[in-house]
């Protein structure tokens, strides 16, 4: 009986709750090419690491499209905006990312993220307080989703009173990112997404104009101002960068927090340790990024030259999937890789990628997840899973539970 | 017998480490981590516990870090006897004794030499003694220079545009101090990175307001009546008034204390094999004397087995760990030190990083980015192989080129890369100066094939 290709097993929703056996099988053929015109799947840690630093690999959306598009990537409907730096090669990528970074982190804004620590803690406290007398919550809808959205709004400089309006546009957009939402899915959702993107774009454009006239201490003001030797971004570039930061800035964090709580509830002894020592959250979050990475694979790469990996020649123009989640559990790199172990000395995971496209928002995501998990551990009395495994989102790339029912005995 | 000796050594032997800096500390930690339970002594001529030097020419000069707080973090307890503030003055290989400046002697069963390098002083002693003439190597040097820069001198004069000199110039400009840099070669960093990249560094300096003078040497430092430096005379007969002069002429290996000991030690360092064991002057390897860090010269398989001297932070750590491991294990468990040379620097807001051995390169190709934009990756080739790469504000790609060097990938680089510009399609001569001329700061020195090489001038195997 012919069995489904591994690429299809990865996308198959039936494997969403536990894709790791498929990845283990995948690693047996470190460079896997299953069908003519299909992608080359790379699954070993060292190969992925090497290709993330390889200047013969392109992230340019145009190159990916020329290579025949990608079944995991049909959702990058840009709604008239130019591609964001995620989908560009140097030198355009470098210029946009440098300008974005000058608004976000060191050396220009070294304390922007760190300074949000207090605010993040307040948001988390508010969300947990709002559980009220309930003894069971959906951790996704009531916590893991609203927390990073609120944070990214504040960071960008979306006025607090606009947050509900803003959320109403972001929700359908995020829903449309699901690769299962292809042409065969209801067109209402697609229409809603397009409409939402347009509305969001117009709203952001209005904000950017305001900030250009009257700058404040927020990311949009800095993006609009564009100080420094690289000059400024065009209005369209400001918008595509903001939308990228907005979407990437929370979709993955939702999954990191949810995967994190799920994993901790499956490892109660570690949850207990975190409760006693919030400092452990640093290592826990790193190990989570290895063990349950929110971005499972990077599908949007093509090679612009023939390259050889482990004796296999990948011809110029081929699509490449870098399966980060498989590399993260590669026994060639990590001892006892299937074990969740925040005490391992050396957690150099691929969770944030590596190379020039390594996660832009990593410092933000780390801090959010650390605060979220340590506060949940501290405040929930006797937390337990309602359902294991929980129901998952359809998305195979940005993988995480759609709902996470957690029951508990009370709040501290 | 031999096995018994190693077991005995691990249990109750005496190990002496001469040199209490980065390499010495990391070696001591590795010895303990790998189970050495005997007596451990660290000898250092500076009065401080080991501290980190890279910040001294960067953050410390800008007042962003204190020169007195760059101690190296201890990875573990090392339970050692510290002999700080006392230099080693001699070595008796037969009696296995290290002589100290205070007349004391320390006996060892195994010895690690990690005495490093010191700043090359201004050769005219009287001029070097003028107030305001500075070196930059130690914590005290950095504290003194910081104090002088803070006082707002009319002009700072830097002799030598290697990495250290260029970093000092960068700090001066960041503090808005007028600075003149004099360089014998045609551009800064030429010894380390060649003339093509040096030209970029030159533009970087002049655009940032440095008064850069190339193809000149300093002929005299002139003081005032009370012995403060006042002016610098140059070989083009010009005179520059300055109240701070930073002598940045590279380094000297601390090997004089070994003169007459019989070890293969000289101005180029102490020759050792890939396992970090020192050679004696006859080219015979010793078995109880090991070497690590800046003072070592060791053969490297990737670079034709020539002896390499590396003044690199990462090399000091890796070589110390390997030396320590090899000191207390059986022959078959020993590891070779095959570190990929790598160093970094930052100046005028640009991050510079290199892997491999650029001075070995005959040709250079800009495979990504552009020299004019000062954001690029340059790849060095030697006889059809990739031997090094350098990046300006493009660090994240270097890991790829490191892999290319390791596998001896072909040069020129013919495959396309993202951001390849028309200027990067063809290789150009890398523009290194004649290697028989001493330069002040190549950071990586190829020093030929002879372990007993004690000459200062050498002729590399290049036709």
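Read-outs: derived from the displayed coordinates by stated rules, not from any lab. What you are looking at is a predicted structure, and each value in this text was computed from that prediction instead of being measured. Positions of Cβ are backbone-derived with ideal geometry, glycine not excepted, and every protein chain shown enters the neighbour counts.
One table, with the values for the structure above:
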quantity	calculated
Mean residue ellipticity (222 nm) of chain B, computed from DSSP H runs ≥ 4 via -39,500 (n - 2.57), nearest 500	-6000 deg cm²/dmol
Overall dimensions of region B:373-414 as given by Cα atoms, namely Rg and Dmax in Å	10.1, 30
Region B:125-249 - Rg over Rh from alpha carbon coordinates, Kirkwood radius	0.95
Two-site FRET efficiency, residue A:362 against residue A:119, from Cβ-Cβ distance with R₀ of 25 Å, rounded to 0.05	0.85
Cα Rg over Rh - region A:6-411, Kirkwood	0.95
Cα-based helix-to-principal-axis angle, B:190-207 vs chain B, degrees rounded to 10	40
Interatomic Cα distance distribution for region A:269-359, bins of 10 angstrom, percent	15, 38, 29, 12, 5, 1
MRE, 222 nm, helices only [DSSP H, n ≥ 4, -39500 (n - 2.57), over chain A, to nearest 500]	-14000 deg cm²/dmol
Interatomic Cα distance distribution for the protein assembly as shown, bins of 20 angstrom, percent	13, 40, 36, 11, 0
Cα Rg, Dmax, region B:1-116, angstrom units	15.9, 57
Per principal axis, descending, Cα span of region B:293-412 in whole Å	53, 33, 21
Region B:51-195 - percent relative contact order, Cα under 8 Å, separation 6 or more	23
Modelled FRET efficiency - R0 30 Å, residue B:285 with residue B:37, Cβ distances, 0.05 increments	0.70
Helix axis angle, B:163-174 relative to chain B longest principal axis, alpha carbon, degrees	50
Ordering of B:50-57, B:278-285, A:339-346, A:371-378 by packing [mean C-beta count within 10 Å, highest first]	A:371-378, B:50-57, B:278-285, A:339-346
Contact order relative to length of chain A, as percent, for alpha carbon pairs under 8 angstrom and 6 or more apart	27
Cubic angstrom per residue, convex hull over Cα atoms of region B:342-446	105
Inter-site label distance for residue B:76 and residue B:334 at 7 Å from Cα along Cβ, in nm	2.3
With Cα atoms, 0 to 90° folded angle of helix B:313-327 axis to chain B main axis	10
Of every Cα-Cα pair in region B:92-136, the percent that sits beyond 16 Å	61
Label-point separation in nm, residue A:402 to residue A:111, each point 7 Å along Cα→Cβ	4.5
Where Rh is the Kirkwood radius over Cα pairs, Rg/Rh for region B:35-189	1.05
Relative contact order (%) - criterion: Cα under 8 Å, at least six apart; region: chain B	15
Percent of Cα pairs exceeding the 27 Å cut-off, where the set is chain B	56
Rounded Å value of the spacing that divides the Cα centres of region B:366-437 and region B:69-145	38
Gain upon complete extension [residue B:252, residue B:395; 0.36 nm per residue less C-alpha separation]	48.5 nm
Values of log10 I(q)/I(0), in the order q = 0.22, 0.28 Å⁻¹, for region A:203-279 under a Debye, Cα-only, solvent-free model	-0.95, -1.25
Cα centroid of region B:6-63 to Cα centroid of region B:216-291, whole Å	23
